[in-house]
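Okay, structure first, notes after.
The values are calculated or read from the model by the stated rules, or taken from the named source; none is laboratory data. As the structure is a computational prediction, the values presented were derived from the model and not from experiment. All Cβ positions, even for glycine, are placed from backbone atoms using ideal geometry, and neighbour counts span all protein chains on display. Just the protein is used for accessible areas: all its heavy atoms, side chains included, with ligands, DNA and RNA removed. Shrake-Rupley method; radii C 1.70, N 1.55, O 1.52, S 1.80 Å.
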Amino acid sequence: MSRFWTDKIASLDPYVPGEQPQDKQYIKLNTNESPYGPSPKALAAMQDQVSEKLRLYPDPNCQTLKNALAKTYSVDADHVFVGNGSDEVLALAFMGYFAGGKPLAFADITYSFYKVYANLYGITPDIVPLNDDFDVVPSDYENLDVSGIVITNPNAPTGKALPLADIEKVLQSNPDIVVLVDEAYVDFGARSAVALVGQYPNLMVVQTLSKSRALAGIRVGYAIAQPELIEGLERLKNSFNSYPVDRIALAGATAAVEDTDYLEEICQKTVATREWTTVELEALGFQVLPSATNFVFVTHPEREAESLYLGLKEQGILVRYFGNKPRIGDFLRITIGTDAEMAALVAKLKEI
């Protein structure tokens, strides 16, 4: 605590990312990074920018990337917004569309940054509990007196996906507020709500290049919505930071989006490893929630999550443990790594 802090700084409860210990080499299965490197085409495009070109500002409009995303998702470029990671895109959306008015609805078990943004912007959360099976129930989002709704699909940390028809039910019952669908993990087994953007002017879909495109290190995310919502994000961005994506990141992101064959390849490998891991964990007595992501969410009826987490860490494997959070304190979230990494995880769990 500093005497120079404002009341706002003192009131913040910042987001805590997955641990990144430096004491030794770990198998990192705690932050949902891709176990595979980026597209070789993306690496080549980024290397090409490491030159005298770096004396120049990047394109503030990120037009080449917007064009690539527009082509990929069969929308016009004015339906696309690009930011410094999906977290920045979410932050701008919270600031612009949810702050200063009614509460914001989101699930009790979901991406924990939502509560952080709500606190930062003075938004009152309207927490909507998942059901006993950790599912989002569309009817729970009807008749709410809120400024907006945020749904993570597939959800994190549960990994469960909501059918597109259920997303549409939420949209239809809330035509006068923004419904933001956060799709960080959608490429691993869910259907994207981008297909609904043309029908619903209140829909905003947010995605990232950090997961399925293996580019967590360059921090690029984007939103897809009808132009009126996108223009609002652009106005906010240009009132805060006109150049959120640097030249190297812009080149790499564009090439990665265009390399759809590589995207499909590493997603298929990740899904296959996820299914193998699920079978192995269930054979050890774990309950594994159905996952449409690059991680699994598990609990063991006879072993405490904390002891498993600590035992694995002792053996050089990191998984995500959520402490004493309500409803999920005895669960672990395990990122899907390479086949060899997941075999090592299973072997260590058998020892434990």
- Among the candidates ALA190, ALA223, ALA216, ALA251, single out the residue that is under 13 Å from GLY85 (Cα atoms), open to solvent by 20 Å² or more (accessible area, probe 1.4 Å) and not β-branched (Val, Ile, Thr). ALA216
- Query: When you scan region 203-247, how many residues do you find that are within 21 Å of ASP76 (Cβ to Cβ), aliphatic (A, V, I, L, M) and over 14 Å from the mean Cα position of the chain (by Cα)?
  - Reply: 9
- Message: within 19 Å of MET95 (Cα to Cα), open to solvent by 40 Å² or more (accessible area, probe 1.4 Å) and outside any helix (DSSP H, G or I): is that true of PRO201 in this structure?
- Response: yes
- Note on the structure: Pairs returned, first residue in region 27-55 that is farther than 18 Å from VAL319 by Cα and polar (S, T, N, Q), second residue that is open to solvent by less than 30 Å² (accessible area, probe 1.4 Å) and modelled with pLDDT of 95 or more, beta-carbon separation under 7 angstrom, 6 or more apart or interchain, are SER39/ALA255; SER39/ALA256; SER39/ASP259; GLN49/ALA251
- Message: Of everything in region 36-52, what is surrounded by 10 or more Cβ atoms within 10 Å (Cβ to Cβ) and not in a loop (DSSP other than H, G, I, E, B)? Give them in sequence order.
- Response: PRO40, LYS41, ALA42, LEU43, ALA44, ALA45, MET46, GLN47, ASP48, GLN49
- Item | Within region 56-65, considering residues that are in contact (Cβ under 8 Å) with a residue 60 or more places away in the chain and part of a helix (DSSP H, G or I), the one most open to solvent (accessible area, probe 1.4 Å) | THR64
- May I ask you to list pairs of residues, at least six apart or on different chains, whose Cβ atoms are under 7 Å apart, with the first in region 234-249 being under 21 Å from ILE224 (Cβ atoms) and the second being aliphatic (A, V, I, L, M) and open to solvent by 60 Å² or more (accessible area, probe 1.4 Å)? LEU236/MET95
- Counting only residues that are in contact (Cβ under 8 Å) with a residue 60 or more places away in the chain, under 13 Å from VAL146 (Cα atoms) and open to solvent by less than 50 Å² (accessible area, probe 1.4 Å), how many does region 87-134 have? 1
- Item | All helices (runs of 4 or more DSSP H) inside region 224-342 with 2 or more residues being basic (Lys, Arg) and within 30 Å of ALA195 (Cα to Cα) | 227-237, 260-283
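Yes/no matrix, rows are residues, columns are (1) of a type in the set (Val, Ile, Thr); (2) assigned to a helix (DSSP H, G or I); (3) closer than 25 Å to TYR243 by Cα:
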{"position": "ALA10", "(1), (2), (3)": "no, yes, no"}
{"position": "GLY18", "(1), (2), (3)": "no, no, no"}
{"position": "SER34", "(1), (2), (3)": "no, no, no"}
{"position": "LEU54", "(1), (2), (3)": "no, yes, yes"}
{"position": "ASP78", "(1), (2), (3)": "no, yes, yes"}
- Item | In region 153-169, residue surrounded by the fewest Cβ atoms within 10 Å (Cβ to Cβ) [restricted to those that are assigned to a helix (DSSP H, G or I) and under 20 Å from the mean Cα position of the chain (by Cα)] | LEU164
- Name, by its number, the condition in (1) within 30 Å of PHE331 (Cα to Cα); (2) touching a Ser or Thr at 6+ places or on another chain (Cβ under 9 Å); (3) touching a residue at least 24 places away in the same chain (Cβ under 8 Å) that does not hold for GLN287. (3)
- Find all pairs meeting these conditions: Cβ atoms under 7 angstrom apart; at least six residues apart or on different chains; first residue within region 166-180 and farther than 13 Å from GLN199 by Cα; second residue hydroxyl-bearing (Ser, Thr, Tyr). VAL170/TYR141; SER173/TYR141; ASN174/TYR141; ILE177/SER147; VAL178/TYR97
- In region 9-22, residue nearest to THR110 (Cα to Cα) [restricted to those that are in contact (Cβ under 8 Å) with a residue 60 or more places away in the chain and not aliphatic (A, V, I, L, M)]: TYR15
